[in-house]
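The values are calculated or read from the model by the stated rules, or taken from the named source; none is laboratory data. Computed from a prediction, not measured in an experiment: that's the story for all the values here. Neighbour counts run over all protein chains shown; Cβ positions are idealised from the backbone, glycine included. Quick note on the areas: whole protein, heavy atoms, side chains included, nothing else; ligands and nucleic acids left out. Shrake-Rupley method; radii C 1.70, N 1.55, O 1.52, S 1.80 Å.
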Amino acid sequence: MDERHIYKVVELVGSSGESIDDAIRVAIARAGKTLRNLRWFEVTQTRGHVENGEVRHFQVTLKAGFTLDDGEGD
């Protein structure tokens, strides 16, 4: 079995009114509907919206990596 892997990396932005964790999960769940073989993610930016002195919304930019098909079927 060949242990070498080639990854394609995409940038995603997830948002949530609940938490940073939820924003990440929203982005990965949505990407998983159209991208196969998702393997890892890396948070690159975290932002939020403040209203009346309180955090109201979280936005997280992340890179997600997935393995490319090798042409032999999964």
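Identify the single condition in (1) at pLDDT 95 or above; (2) out of contact with any strand residue (DSSP E or B) (no Cβ under 6 Å at 6 or more places or on another chain) that Ile24 does not satisfy, given that it satisfies every other one.
(2)
Would you point out the residue of the stretch 1-38, among those that are over 10 Å from the mean Cα position of the chain (by Cα) and basic (Lys, Arg), that is least open to solvent (accessible area, probe 1.4 Å)?
Looking at the filtered set, the residue picked out is Lys8.
Take the residues in the stretch 50-63 that are over 12 Å from Val9 (Cα atoms) and touching a Gly at 6+ places or on another chain (Cβ under 9 Å), then tell me which one is surrounded by the fewest Cβ atoms within 10 Å (Cβ to Cβ).
In the first step, residues of the stretch 50-63 are kept if they are over 12 Å from Val9 (Cα atoms); the result is 50-61.
Checking which are touching a Gly at 6+ places or on another chain (Cβ under 9 Å) leaves us with 55-61.
On the way: Val55: 12, Arg56: 10, His57: 14, Phe58: 21, Gln59: 16, Val60: 25, Thr61: 16.
Applying the filter and picking the extreme gives Arg56.
Suppose we filter the stretch 9-26 for residues that are aliphatic (A, V, I, L, M) and part of a helix (DSSP H, G or I); how many remain?
Of the stretch 9-26, the ones aliphatic (A, V, I, L, M) are 9-10, 12-13, 20, 23-24, 26.
Subset that is part of a helix (DSSP H, G or I): 20, 23-24, 26.
Total satisfying the criteria: 4.
Exactly one of (1) open to solvent by 60 Å² or more (accessible area, probe 1.4 Å); (2) not in a loop (DSSP other than H, G, I, E, B) is unmet by Phe66. Its number?
Only one criterion in (1) open to solvent by 60 Å² or more (accessible area, probe 1.4 Å); (2) not in a loop (DSSP other than H, G, I, E, B) is unmet by Phe66, namely (1).
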